[in-house]
Each structure stands twice: as structure tokens, then as C-alpha cells.
1. Being under 9 Å from Ile50 (Cα atoms) and not β-branched (Val, Ile, Thr) is the filter; apply it to region 3-34 and report the residue that is surrounded by the fewest Cβ atoms within 10 Å (Cβ to Cβ).
2. Kindly list, by first and then second residue, each pair from a residue in region 207-233 that is of a type in the set (Asp, Glu) to a residue that is in a helix (DSSP H, G or I), limited to pairs with Cβ atoms under 6 Å and residues at least 6 apart or on different chains.
3. Does region 431-453 contain at least one residue that is farther than 30 Å from Asn139 by Cβ, open to solvent by 30 Å² or more (accessible area, probe 1.4 Å) and either among the aromatic types (Phe, Trp, Tyr) or touching a residue at least 24 places away in the same chain (Cβ under 8 Å) (or both)?
4. Look through region 229-267, keep the residues that are surrounded by fewer than 15 Cβ atoms within 10 Å (Cβ to Cβ) and not hydrophobic (A, V, I, L, M, F, W, C), and return whichever of them is nearest to Arg46 (Cα to Cα).
5. Can you pull out the residues in region 155-170 that are touching a residue at least 40 places away in the same chain (Cβ under 8 Å) and buried (at least 19 other Cβ atoms within 10 Å of the Cβ)?
6. Give region 207-224 a look and list any residue that's among the basic types (Lys, Arg) and either farther than 13 Å from Glu249 by Cα or assigned to a strand (DSSP E or B) (or both), or say none.
7. Restricting attention to region 99-131, which residues are more than 30 Å from Cys365 (Cβ to Cβ), aliphatic (A, V, I, L, M) and either in a loop (DSSP other than H, G, I, E, B) or at pLDDT below 95 (or both)?
8. Can you pull out the residues in region 286-344 that are surrounded by 17 or more Cβ atoms within 10 Å (Cβ to Cβ) and at positive phi?
Amino acid sequence: METQVFSYSYNREQVKPGILHIGVGNFHRAHEEYYTNLLLADDTQRQWGICGAMLLPSDERLYRALKAQSGEYTLTVCGRDGKDETYRIGSLVELLWAMEDPKAVINKIAHKDIRILTLTITEGGYNIEKATGAFMLDNEQVKHDLQHPSEPHTVFGYVAEGLRCRMAAGNRPITILSCDNLKHNGNTAYRAFTTFIQAQDAELAAWVEKNVTFPNSMVDRITPATRPDDIVRLNAKNGTADEAPVYCEDFIQWVVEDNFIAGRPAWEKVGVEFTDNVAAYENMKLSLLNASHTLLSYPSFLGGYRKVDEAMRNERICKLVRTFMDVDITPYVPAPGNTDLELYKQTLIERFGNRSVSDQVARLCFDGISKFPVYIMPNLGKMIQDGADLTRQAYLIAAYRHYLKYKVDDNGTTYEVNDPWMTEEDKRWINSEEPLDFLSLSAFQAVNLKASEAFTSHYLKMVEAIKQQGAMHTLESILS
């Protein structure tokens, strides 16, 4: 039996793009596009359609698919109760691909109707040095863009050139809103873009200080990658012929600092929460949801699991995650507003185990180099200072080393590692036969793990146990 598809109710021809989004991936299409699609039913909000900009050669397949569908696609929301709902999304009213027309992207950033520039460029996409938090001006592509402003390769170069054209045209101010999973993501975006612009153009830097705001935000919705077999499955289920479908969980949250210099959509009408300070929400989500995802990812993958819900049906993994939340993280997470922290944690367990979503463990393993500094290291540093139990954290980092170094799971199955922001120096630490060298990885630089005897003693035991007995057997010994 086909799932009913709920279509949007507005006339897309009456919608004008007031938002430019860079990075039109699945999460963006399940989150910001979803909220905006709901909002456009309000005829006072039709100036807030979204123009999507893609900057990478690898974006071609999705760009072609969406372009052929005039930006429309289906979003299947998978309920924890097993009931799914599918929506036809129409809020993506324009599409640009920099490989096809780079000037069009620059002109759109400068356009007078664009009042908000939103971003999903991944945690590693901000080009921030992990140990110092500084923007890396010595990156080769960044150096190219600094020297060739009119021929950008990076998001920083495109935004700078677009803002330069905006300034020259005398157009209104603009808000740059990060929607990436980073603590203080607006502050991070501000540091990255203003550092680049200051190095390139002092006049533009002065204009940006007065004419661009960078609100912080907290985003949340589990959205798996859509694989070719998912496209076939979703189309069969929905009775559609969508070449770019998305599916996601039924939970959604967006908390945003209300700091928009040129106006904003009335997203609060469709469930977005605006606040003066998003920090407590960020801390809760990154420390519990994202950190728990990272914790379960590498042991689960090494244990042979490829779907998150299947891993969570393993009592050992479920107990590991819940103990991590309750014992390791809760002492460092004050609940924001009226949040019931116990209910929030229980909801996370249910979300991870959602069989309809069936998220990929490989997606959680992706780009650990960028995730550990954001999700794991801040609380691990506090735990070391407080003399807390470091067993589970040491197990995680030992599992991460095994995952990166040996590329074979407990069942003898080989796999490829996808960690795009890994440096050559990182690779040397991974290849070293001395386990303590791994603790020099760029992902861990915010905390001197080698200096903690309590941590290293646990970690070395875990490294040897995983190598000799496997990740799941080691986990069983931890829990017992």
C-alpha cells in the first residue's frame, strides 16, 4: 500500500528567494527546507523562498536531479511508531551550481532580495585549526582565493566576492546563519569568514563588521544518506518518481539566536524557537546526541553493525550509550529552559532505535577528525580534571584507532575509511605501532591526553583488548 504524499498548498510562482543556502545536502532538505515549506503556506511569508547553491564537483548528480524536478523533492518522515508521512517540498525555488556558473553564485550573494545566507558545509568545512581555534590561512585553496578574489574555489572566497559586490551595489545588510553541528556555530562562522576577509580586503572587512550578523543556532534531526536502493524503496513506497528523495526521523528541533540584521522569516509559526542565548541548548544536544552517536559508531561498526537501530538492539551497546549519558555527560549538561533531561535522554534512545529511519553507522563514523573536537573533547577534558571514570571514553578512542588503523571488523570484513579532513601528520600517527602516538591526532589536540596517566592506562588496556579479542568482547568485559 502506497504512503500518502502531502503536497505544499502555495503557488511556487509567487515565492521569491530571500534566503541563499550553501550546501544543499540531505540534512538541509530535511530541516530548514521543511520548516520553510510549512511557513510558505502563510501568504505573508512568500518572500522567504530558498535558493540553493552548490559549490563542489561532487554535487553534480544531486544538482542535475533537483534541477530536472525544478527543485521539488519528497521528504519521508519516519515515525517511531512505524507510521511514516511523506511531504512534497517546494521551498527550494532556485538552484545554482558553481561548477556550471560561478558568477551566478556570486551575483546571488550580492542580490538585494537575499537577506539571509545559510550554511551546511560540515563541521570541518570552516577550516578551523583544532588546537587553537584559529582559521587556517595557509590552506592551499584559501591562499588561492586570497590572491584571486574574482575566481574563488572555497566557500570563503565565494562569500567574500559576493559581499564585495553587495557592498559596491549599496545593497542592504545580510545575516550569515550556520546550520552546522558546532558549538557556537555562529561564532565559528564569524571567525572563519571575517579572518579570511580581513586578510583579503580591509575595506570589505570594515563593511562586514557593520552590515553582517552571525547568529548561533542549534539544529537537530537525524537524516541518513540516501543511497541508490533507498531511492528505489522510497519511490515504490510513495508512488513517486523522485530522483532526489530524502528520509528522516520524526523528531525535529531548531533553536536560533534572534540576531537578524535584515529581517527574517516568521519561522516561530512552524515550531522554530528563537532565544537570546542558544549555548545551553547547543551544549545539551552536542554533548548527549552527537557525542553518543560518536560513542556508539566505531564499536558498533567494528562489531559488524551497519545500521544504527540494529546496533541499539544489542543490549551491550544500548547500555554503553545510556551509561555514558547518565554517568559521564549529565554532570556537565545543565538542562536549558523547561527541558526534562531524563525525558530528553530517553527520547534519544528511542530515536537511535527508530527502525523506520535505520540510519547508517558508516554515516556516524564519517569525518571523526572533525567530530571529536566538537562532541567528545570538551567534556573529556573536564572529566580528566575531575578525576572521573574514563573507561568508556578510553574505549571509544581505542576503538577509533582500531577503526582507522586496521580497516577490518570483528567478523573479518574489510572496509574503507572516509575521513576527508585528515592531515598527512594524522596518517603518520595512525600508522605508528606505538598506541600512545595516536593520542597526538589533530582531533585530540585540545586536551593533552598523554599527560593523564589515568586516561592512558585505561586506553592502552583497551587498545590491546580490542586487538586481541575484538570490540564487542571488550565491551562486554567493560560492562561486566
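The values are calculated or read from the model by the stated rules, or taken from the named source; none is laboratory data. Source: prediction; values computed, not measured. Virtual Cβ from ideal backbone geometry, glycine too; neighbours counted across all protein chains shown. Please note that ligands, DNA and RNA were not included when accessible areas were found on the heavy atoms of the full protein model with its side chains. Shrake-Rupley method; radii C 1.70, N 1.55, O 1.52, S 1.80 Å.
1. For region 3-34, the residue satisfying everything is Lys16.
2. Once the first residue is of a type in the set (Asp, Glu) and sits in region 207-233, its partners that are in a helix (DSSP H, G or I) give Asp220/Lys285.
3. No: region 431-453 contains no residue that is farther than 30 Å from Asn139 by Cβ, open to solvent by 30 Å² or more (accessible area, probe 1.4 Å) and either among the aromatic types (Phe, Trp, Tyr) or touching a residue at least 24 places away in the same chain (Cβ under 8 Å) (or both).
4. Here is the first cut: in region 229-267, the ones surrounded by fewer than 15 Cβ atoms within 10 Å (Cβ to Cβ) are 229, 232, 236, 239, 241, 258, 263, 266.
Subset that is not hydrophobic (A, V, I, L, M, F, W, C): 229, 239, 258, 263.
Numbers: Asp229: 35, Gly239: 29, Asp258: 20, Gly263: 14 Å.
My answer is Gly263.
5. Those that are touching a residue at least 40 places away in the same chain (Cβ under 8 Å) and buried (at least 19 other Cβ atoms within 10 Å of the Cβ): Val155, Phe156, Tyr158, Val159, Ala160, Glu161, Gly162, Leu163, Arg164, Arg166.
6. In the first step, residues of region 207-224 are kept if they are among the basic types (Lys, Arg); the result is 210, 221.
Across region 207-224, the qualifying residue is only Lys210.
7. Residue satisfying the conditions is Ile114 alone.
8. Gly304
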